[in-house]
1. Would you please list the contacts, defined by Cβ atoms under 8 Å and residues six or more apart or on different chains, that run from a residue in segment 40-51 that is on the phi < 0 side of the Ramachandran plot to a residue that is among the polar types (S, T, N, Q) and modelled with pLDDT of 85 or more?
2. Residue check: is ILE26 modelled with pLDDT of 95 or more, β-branched (Val, Ile, Thr) and farther than 30 Å from MET176 by Cβ?
3. Pairs only if they're at least six apart or on different chains, beta carbon under 7 angstrom, first in segment 197-223 and over 15 Å from THR274 (Cβ atoms), second among the aromatic types (Phe, Trp, Tyr); list them, first residue then second.
4. Would you call LYS63 under 12 Å from PHE157 (Cα atoms) and not polar (S, T, N, Q)?
5. If SER158 satisfies all but one of (1) surrounded by 16 or more Cβ atoms within 10 Å (Cβ to Cβ); (2) touching a residue at least 12 places away in the same chain (Cβ under 8 Å), what's the number of the condition it fails?
6. Answer with yes or no whether ALA184 is at pLDDT 90 or above, out of contact with any His (no Cβ under 8 Å at 6 or more places or on another chain) and assigned by TED's automatic domain parsing to the domain that holds GLN265.
7. Can you tell me which residues in segment 12-59 are among the hydrophobic types (A, V, I, L, M, F, W, C) and touching a Gly at 6+ places or on another chain (Cβ under 6 Å)?
8. Given the criteria out of contact with any Cys (no Cβ under 7 Å at 6 or more places or on another chain), among the polar types (S, T, N, Q) and outside any helix (DSSP H, G or I), does THR200 qualify?
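The values are calculated or read from the model by the stated rules, or taken from the named source; none is laboratory data. None of the values given here were measured: they were computed from a predicted structure. Ideal geometry is used to build each Cβ from the backbone, glycine not excepted, and the neighbour counts take in all protein chains shown.
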Amino acid sequence: MNSPIANGTVHDIDGTRRVHYDGYWIKLYDPPEDSLQAKKTLIGALTRRLFNHVEHGINIPGKRLAETRAAYEAETDPARRRVKGAMLAGATFNRATDIFTKLVELQEQGVVIESDNALMRECGKCLQDALELGRLVRHRSGDEGIDELWGEPFRAFSIPVDAFYESRYIKIAQTMREVDRLAAVMTATFGGNPLFSGVTELIAKFAAAAKVKCETLRTDGAIFDVWAEFVIASEALDAFTPHLTAGAPAEQLQMAADGLRLICQGRDLVTYITRARVPMPKSAREFIDRCEAYEAHCSNFFAGQPAAACANCRS
């Protein structure tokens, strides 16, 4: 029997250095040096990434932290308080990055910044507060939040840069597994449905492109081809047309429309987690429930159809 491959194992595969985590060989990148400047660049990138994935209107400048907190604390309506709490999370987060940016600028002028510096502690506190408030923030889809995105800058602040990069590969492996799981559910849902004959090949291509996109940094020169392939695979899935005959019954037309809607939801969910590089468990669970309900309904429908009628669906 083959011994399991240890996490962190590095191997050259087809000319590309890859690192193994939880069953996946992920493209390996060299981390930058562990310095305040490197952390500033990293946290800046994580900040842009965070606000790119969360709901609109919460990217409040750090200089407005006090008035944002006052608005949140004065609010009593639960729904409005949730939104204002999300805005406070954004303001607190931006205050942390403001402090860190100034600390790096001082360091560049020759000022020694110790780890126990008061501003360093304040920066850490702001990131921790933003992490806690981040639970109130929803993903841009409006469904659930992604707590992991709020925790990443705090980890980047708290641990060495190379350790942060190692945690990144763990998250990518988790995301790849989620992509495979959702693709398997979609394949099981539509693979036996004559209305959707041929869609499983498109699902497989889309999932493969999503995993490559997930592991590829935007600064990698390969991103141009990687992103193009991902978009093309997504568009091909979106353009799929069910196999319906002229005069198909109303229930079959509704089944086709519901199936297309479900495929688009699955494509969107895979896109969300691929771009964020973290799973979305609540959204995934709800999507899988909808797939199982749809598959059961279709199975019952086709079980009651004559063989000839089912064959006509494929034409």
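1. From segment 40-51, the pairs are ILE43/THR97; GLY44/THR97; THR47/ASN94; THR47/THR97; PHE51/ASN59.
2. no
3. Within 7 Å, the pairs are VAL199/PHE190; VAL199/PHE240; THR200/PHE190; LEU202/PHE240.
4. Details: under 12 Å from PHE157 (Cα atoms): no; not polar (S, T, N, Q): yes.
Here the answer is no, as LYS63 does not meet what is asked.
5. Result: SER158 passes all but (1).
6. Numbers: at pLDDT 90 or above: yes; out of contact with any His (no Cβ under 8 Å at 6 or more places or on another chain): yes; assigned by TED's automatic domain parsing to the domain that holds GLN265: yes.
Yes.
7. Correct list: ILE58 only.
8. No, not satisfied.
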